[in-house]
Amino acid sequence: DDDDDDEASASESEEEDDPRFDKPRPKIDFTGVNAKEKCVILSSRGVTSRYRHLMLDTMTLIPNSKKDSKLDSKNPKDAVVEVADMKSCSSAMFFECRKRTDCYMWLAKCPEGPSVKFHVENVHTMAELKLTGNHLKFSRPVLHFDATFDDAEKPHLGHIKEMLTHVFATPFRHHKQKPFIDHIFAFYYEDDRVWFRNYQIVHPEGKEVRATGVTLSETGPRLCLHPIKIFGGAFGGPTLYDSPTYVSPNVQRAEKKKEDMGKYARKVAKKAETKAHKRMNELKPDELNDWLGDELE
């Protein structure tokens, strides 16, 4: 027994003398996102209820997010950078609403950039959809991007992918995140738009394991992001990308109004043409209409 104690003490002394044991263990980051990465989420004054609920749904999906009050200033984009600096956030998600109908989402790295501006389309919130999926709040997500984001012929998609990764990926060992994965954030690129879906990873039990295996159940929300511009700075700066397919909602409404005005003008012209045709083709009185009445007299 004394010999065993001597051997144990000798091994401990060797470990203490070995310089390899003095080195601290390196911290492993499996996401590639800084552990101190935080994102501030806020909106402009005049946001509608639908987009406000979308913002709240987004906050429930991102554990490292921070909320701030609505911005009511002449230059809200400059104020976002100041708010991110005060809250020690390196990223910002800003919902800018105009005319209470159009919503634009800004994703920016603060304070130096870059930033991406999207037009938000086809929004469906969690409360509106009432889907069957139900994953745990603040659990770690798996980020899935389709192969189009890695296309060398579309380099702007690489910038968009990197911005979405920094905002939606949960930093490793964040104090709010749950230590397991039970849902997937899926980003697809189709029709020059980024389509977002959120799926719960369902693990079947019992006999269903061999029959179905792991399945996905959609949780929500749903939204479509149309990239407009990519800037070199935060909410401005040199333009790195400008979408050739984007048409402003104001232009779309103006074109629709012109079409409606054209329909009304054609309708009025058709009525006038019908009246003129009736006047030119009135039936003349026939001489034989009253021949029987003349004989009776």
Distant-in-sequence amide H partners of G220 (H built 1.01 Å from N, under 5 Å): N198
Cβ-based net charge around F138, under 9 Å, with every Lys or Arg adding one and every Asp or Glu removing one: +4
For A234, distant residues with modelled amide H under 5 Å away: G113
Region 157-169 - phi-based ³J(HN,Hα) in whole Hz, Karplus 6.51/-1.76/1.60, Gly and Pro as x: 5, x, 5, 5, 4, 5, 5, 5, 5, 5, 8, 8, 6
Fraction of antiparallel bridges per DSSP, region 39-246 only, in percent to nearest 5: 70 percent
Per DSSP, loop trypsin sites (Lys or Arg not before Pro) in region 149-183 with at most 14 further Cβ within 10 Å: R173, K176
For region 180-192, 3J(HN,Hα) per residue [Karplus equation, 6.51 cos²θ - 1.76 cosθ + 1.60, θ = phi - 60°, Hz, x = Gly/Pro]: 7, 10, 9, 8, 10, 9, 10, 10, 10, 10, 8, 6, 6
Residue-count net charge about T101 - beta-carbon cut-off 12 Å; Lys, Arg +1, Asp, Glu -1: +3
Among the listed pairs K109/K256; K74/K137; K130/K229; K36/K137; K67/K130; K70/K176, those beyond 31 Å (Cα-Cα): K109/K256; K74/K137; K130/K229
Hz values of 3J(HN,Hα) by residue in region 276-286 - Karplus curve (6.51, -1.76, 1.60), Gly and Pro given as x: 5, 5, 5, 5, 6, 10, 6, 6, 7, x, 8
Global form of region 39-246, assessed from the alpha-carbon gyration tensor, a/c cut-off 1.5: prolate
Rounded, prolate or oblate (a/c below 1.5 giving rounded, otherwise prolate when a/b exceeds b/c) for region 67-179 by Cα gyration tensor: rounded
Region 95-154 versus region 246-266: alpha-carbon centroid distance in Å: 29 Å
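Every number here is computed from the coordinates shown, using simple stated rules; none is lab data. Small disclaimer: the values here were computed from a predicted structure and weren't measured. Positions of Cβ are backbone-derived with ideal geometry, glycine not excepted, and every protein chain shown enters the neighbour counts.
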